[in-house]
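J.: Okay, here's the structure, questions in a sec.
The values are calculated or read from the model by the stated rules, or taken from the named source; none is laboratory data. Keep in mind it's a predicted model, so treat the numbers as computed, not measured. Methodologically, a virtual Cβ is constructed for each residue, glycine included, from the backbone with ideal geometry; neighbour enumeration extends over all protein chains shown. Note: areas computed on protein heavy atoms with side chains; ligands, DNA, RNA excluded. Shrake-Rupley method; radii C 1.70, N 1.55, O 1.52, S 1.80 Å.
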Amino acid sequence: MKGGPLEGIRVLELSQIIAGPFCGQNLADMGADVVKIEPPGGEGMRILGQFTPGESKSFHALNRGKRSIVLDLKNPEAQAVVHRMITDFDVFIVNSRFGVTKRLNIDYDTLKKYRPDLVYLDNTGYGSSGPSAERSGSDIVAQAFSGLMAGDKKIDEIGAPSAISASPIGDYTAGLAGAMGIVSALFHRQKTGEGQLITSSLLQAALAIQGTSVSKLPMADKIMLDPMMKKVNAIRERGGSYAEQLAAKTHMMGASMRLYYGGYPVKDGAILLGALTPRNREQMRRALGIEDEPTGSPDFNPLDPTNDPIVETVFEKIQSIMREKTMDEWIAIFDKEGAPVGKVNMPEEMIHEAQVQEMGYMYEYEHLVTGPEVMPGPVVNMSVTPTGTENPAPPLGHHTNEILIEHGYDVQKISALRDSGAAH
């Protein structure tokens, strides 16, 4: 929208799937002019789940507000186009396997020759050095490798690590972090005139959001973490299953926490309890009418295995009570106590949720190819400089001619680039 905080900033994005596109979309929501370079046929997310040729719901949800130009960067002429264009851009975004940009002559050292104060974001799977640097990466692989998958206790019906994830959290975190790095680098450039290289990875993002689990603090860890990992390693050494390892990890974290920090089936769906403090648990016990249950005693030790039957008895009692009422009925009861609880909504229903509508979190668009759509808007609102974009995701190559003309190419030169296969 006009007047956004990044109005006047120009971003050239060579990205695919989620991390890079989400980074660019956040900058577009802040008012930047984001030009997306796509290969012939379009980037992978256009094809994944396409409902009409070259258009998928996921692509639309990750590329609002951008313009699309199609260049075959395996063609030296297309690389020369990027070298010419980059002089007019403030930011370059790329997410790919380490080493790809070097082969395509669009790495940071190459592009900064043409734009010395360039802010360049390079997002990879594992980072730029080390034994895994050149390995192919994706969010689900990063979740597994980083410990995030096991930390979330994801397991399927056959006892294997679960590949099902409602949201690719590593990708989205890396995308947000990339946008934060870019605006910080632009602020630094405004003060000093210096551009810089920003690096991020799916692994780095996944570690960052697991601070407690992946960190080491010996004085604290000797109480719970060290004994837990000793049990896990003992199971591994005797050839125990992934399911057994997760069970040991879960038990050592305290089974009683599950009582008031987890979900329960109710008459028409499910309710999630989110107690984080003793006060929250007291509020929930009052709402449930079980204020005298034994796990609330200061003397109760949740890590003592002999107390597991007590926890299980309370758990079954809460389950039975919760099934007596509907979601709305329980929300009213818990709200009266001030307890942190919520309905377990289906994501497909959120567009109609009263709170979402009241806050204006969803935006309406008219796509040139596929017509009307409603998409989530920006992740933040600002009181002076508006955020969000009025434009939906672009059709493939819709702006190729427009962008090339902006950078000094006339009709004849554009035609020659198309004839050579460099542009589409």
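J.: Take the residues in segment 331-368 that are more than 25 Å from the chain's Cα centre (by Cα) and surrounded by 15 or more Cβ atoms within 10 Å (Cβ to Cβ); name whichever of them is nearest to A393 (Cα to Cα).
T.: I331
J.: Follow-up. Output the residues belonging to segment 369-384 that are touching a residue at least 40 places away in the same chain (Cβ under 8 Å), under 24 Å from P53 (Cβ atoms) and open to solvent by less than 70 Å² (accessible area, probe 1.4 Å).
T.: Passing the criteria: T370, E373, M375.
J.: Here's something else I'd like to know. Are there any helices (runs of 4 or more DSSP H) wholly within segment 238-320 with 2 or more residues that are under 18 Å from G342 (Cβ atoms) and touching a Cys at 6+ places or on another chain (Cβ under 8 Å), and if so which?
T.: Passing ranges: none, list empty.
J.: Restricting the search to segment 223-242, which residues are open to solvent by 40 Å² or more (accessible area, probe 1.4 Å) and hydrophobic (A, V, I, L, M, F, W, C)?
T.: Matches in segment 223-242: I223, M224, L225, M229, A234.
J.: So if I check each of T326, T277, which one is hydroxyl-bearing (S, T, Y) and touching a residue at least 60 places away in the same chain (Cβ under 8 Å)?
T.: After applying the criteria, what remains is T326.
J.: Now for a different question. Against the conditions (1) open to solvent by less than 50 Å² (accessible area, probe 1.4 Å); (2) in contact with a helix residue (DSSP H, G or I) (Cβ under 6 Å, 6 or more places away or on another chain); (3) without any contact (Cβ under 8 Å) to a residue 60 or more places away in the chain, where does T389 fall short? Just the number, please.
T.: In the conditions (1) open to solvent by less than 50 Å² (accessible area, probe 1.4 Å); (2) in contact with a helix residue (DSSP H, G or I) (Cβ under 6 Å, 6 or more places away or on another chain); (3) without any contact (Cβ under 8 Å) to a residue 60 or more places away in the chain, T389 misses (3) alone.
J.: Still on this structure, I have one more. Just to verify a result, which residue in segment 114-141, among those that are of a type in the set (D, E, K, R) and closer than 25 Å to I209 by Cα, is least open to solvent (accessible area, probe 1.4 Å)?
T.: D139
J.: Here is a follow-up. Only one residue in F22, F92 is of a type in the set (F, W, Y) and either in contact with a strand residue (DSSP E or B) (Cβ under 6 Å, 6 or more places away or on another chain) or closer than 22 Å to N105 by Cα (or both). Which one?
T.: Just a single option satisfies the conditions, and that option is F92.
J.: I'd like to know if segment 306-319 contains one or more residues that are surrounded by 14 or more Cβ atoms within 10 Å (Cβ to Cβ), touching a Leu at 6+ places or on another chain (Cβ under 9 Å) and within 13 Å of K267 (Cβ to Cβ).
T.: No, every residue in segment 306-319 fails to be surrounded by 14 or more Cβ atoms within 10 Å (Cβ to Cβ), touching a Leu at 6+ places or on another chain (Cβ under 9 Å) and within 13 Å of K267 (Cβ to Cβ).
J.: Taking the criterion of being among the aliphatic types (A, V, I, L, M) and closer than 15 Å to V11 by Cα, would at least one residue in segment 128-148 satisfy it?
T.: Within segment 128-148, none of the residues are among the aliphatic types (A, V, I, L, M) and closer than 15 Å to V11 by Cα.
J.: Next question, about the same structure. Answer yes or no: is there a residue in segment 197-217 that is over 30 Å from D107 (Cβ atoms), β-branched (V, I, T) and touching a Phe, Trp or Tyr at 6+ places or on another chain (Cβ under 8 Å).
T.: So far as segment 197-217 goes, no, none of its residues is over 30 Å from D107 (Cβ atoms), β-branched (V, I, T) and touching a Phe, Trp or Tyr at 6+ places or on another chain (Cβ under 8 Å).
J.: Restrict the check to segment 125-140 and report whether at least one residue is touching a residue at least 40 places away in the same chain (Cβ under 8 Å), among the aliphatic types (A, V, I, L, M) and outside any loop (DSSP other than H, G, I, E, B).
T.: no
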